[in-house]
Each structure stands twice: as structure tokens, then as C-alpha cells.
Amino acid sequence: MNPPALVWYAAYGSNLLAERFLAYLNGGSVPGSDAPQRGLVDRTPPRRWRRCRLHHRLVFAGRSTRWNAGVCFLDPHRRVNPPPTLGRAWMLAAHQVVGVWEQENRGLAPEVVDWERLRTVGHLDAKEGWYGRLLHLGRLEGRDLVTITCARLPEVNEPSEPYLEVVTRGLGESWGLSSAEAARYLADCVNTDEKVREVE
């Protein structure tokens, strides 16, 4: 299936925070979530990271049992002029990205990814699951840039305070935003019916 050696995984939402994201590699949980991650067999740390802007709208939706409220998704459909979502690209081995996808999607992800098809079609979907779509976002510094989101948005739902705290910490850590700046940024992502109609 021609897997590349290294790819960029574009994180957003709670995965902007290193402590949270690294739980997918190393196992364990973070404050505010009582559901530990299994971790990966290959726990090699990300080779590096960098900021990135994702041109898909950030949406709070669903009801996570880990957070007892809505969580972040990217609208899977590209918009012409969406407000950019602030992301953090982690450089990982391709098989590590597949392992993160499997954990994000509660074990429902293919063991093998056809990377050529992913590049051509722009996404690959698991058979089911909230985070069932592996989305190709183009290339960054010559490497594939991918992220994980839904194939279809769940019902919108506001996030919990513990979840927002993790996202806010991640925005500070990766983008240098103050708590007030992060609050203003996230306020634009708290959904109304009107906003949902805009992204459908």
C-alpha cells in the first residue's frame, strides 16, 4: 500500500496539548478524562512539530463519554473561505498515525491504509465510528499532511469546562495564545443551528 516513512499528523482541539496527544503514543490519560489510552507498540516520540492552519471549520459536536460533553471535529467538507482552525502538526511514522486513528475511533479503523488511494480520493473512511475519516490535507514540507475527523458531523453539542481547559492549554502551548485570546477563538466555534446549516 506504499506507506511513506514519515507523515505529518495535523492535530486540533485537545490534541494541541502535548500531554494529551502523547497519551495516544505512550498510553495513559490526562486530567479531566478518566478513560486511559492503550498507547502504541512503537512509542517513538514525534520527530518534531510545527504550527499549521487547517482550512476546515472547527465544530463542537457529539457527546463524548470521556468528557461528558461535545468534542472537536473538523467539518469534513472543504470550505472556500472558512475561518482557519489552529492546528499542530506532529511528525510521526505512518503506522503510528494509523494507530492513533484506531484509538481515536474506539478501535474501528483499518489495519492497513492505502496511501495512494488516500492521496487520490482525499480521504479514507472506516466502516463506522465518530472519528471514522482519515482526511488528506495536502503536503507540508514535502510530506503528507493528514488528520482524523468524522465522515458526517454528529449532532452539535457544547463542550465541557474540563475539555475546554485542555484545549485552551494546548492553544497556549502551541500558538502562544493567552487564556483570553483562546476564549475568543473558541467562542467562534460554539455552534448554533445557523452555523451548522452553514457547514452542511
If you go through the range 82-97, how many residues are within 10 Å of VAL7 (Cβ to Cβ) and among the β-branched types (Val, Ile, Thr)? 1
Scan the range 126-136 residue by residue and report those that are at pLDDT below 95 and either part of a strand (DSSP E or B) or not hydroxyl-bearing (Ser, Thr, Tyr) (or both). ALA126, LYS127, GLU128, GLY129, TRP130, GLY132
Counting only strands (runs of 3 or more DSSP E) wholly inside the range 35-119, the ones holding at least 2 residues that are closer than 22 Å to PRO159 by Cα and open to solvent by less than 10 Å² (accessible area, probe 1.4 Å) are 58-64, 69-74, 85-93
List the pairs whose first member sits in the range 102-121 and is among the aliphatic types (A, V, I, L, M), whose second member is surrounded by fewer than 15 Cβ atoms within 10 Å (Cβ to Cβ) and assigned to a loop (DSSP other than H, G, I, E, B), and whose Cβ atoms are under 8 Å apart, counting only residues at least 6 apart or on separate chains? LEU108/LYS127; LEU108/GLU128; VAL112/MET1; VAL113/MET1
Test of understanding: among GLU158, GLU181, GLU173, which residue is touching a strand residue (DSSP E or B) at 6+ places or on another chain (Cβ under 7 Å) and either under 24 Å from THR44 (Cα atoms) or open to solvent by 20 Å² or more (accessible area, probe 1.4 Å) (or both)? GLU158
From VAL97, VAL121, VAL113, residue being of a type in the set (Val, Ile, Thr) and within 15 Å of ALA11 (Cβ to Cβ): VAL97
Limited to the range 122-142, what total is found for residues that are of a type outside the set (Lys, Arg), in contact (Cβ under 8 Å) with a residue 12 or more places away in the chain and in contact with a strand residue (DSSP E or B) (Cβ under 7 Å, 6 or more places away or on another chain)? 12
Take the conditions of a type outside the set (Val, Ile, Thr), out of contact with any Ser or Thr (no Cβ under 9 Å at 6 or more places or on another chain), open to solvent by less than 50 Å² (accessible area, probe 1.4 Å) and modelled with pLDDT of 90 or more and apply them to LEU164. Does it pass? yes
Those residues of the range 138-148 which are open to solvent by 30 Å² or more (accessible area, probe 1.4 Å) and under 17 Å from the mean Cα position of the chain (by Cα) amount to ARG139
Would you check if VAL30 is at pLDDT below 95, in contact with a helix residue (DSSP H, G or I) (Cβ under 7 Å, 6 or more places away or on another chain), open to solvent by less than 20 Å² (accessible area, probe 1.4 Å) and closer than 25 Å to GLY138 by Cα? no
Kindly evaluate SER178 against the criterion of being over 19 Å from the mean Cα position of the chain (by Cα), modelled with pLDDT of 95 or more and not β-branched (Val, Ile, Thr). yes
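The values are calculated or read from the model by the stated rules, or taken from the named source; none is laboratory data. Computed from a prediction, not measured in an experiment: that's the story for all the values here. Counting neighbours? That spans all protein chains shown, and the Cβs are built from the backbone with ideal geometry, glycine included. Calculation scope for accessible area: heavy atoms of the full protein, side chains included, ligands and nucleic acids excluded. Shrake-Rupley method; radii C 1.70, N 1.55, O 1.52, S 1.80 Å.
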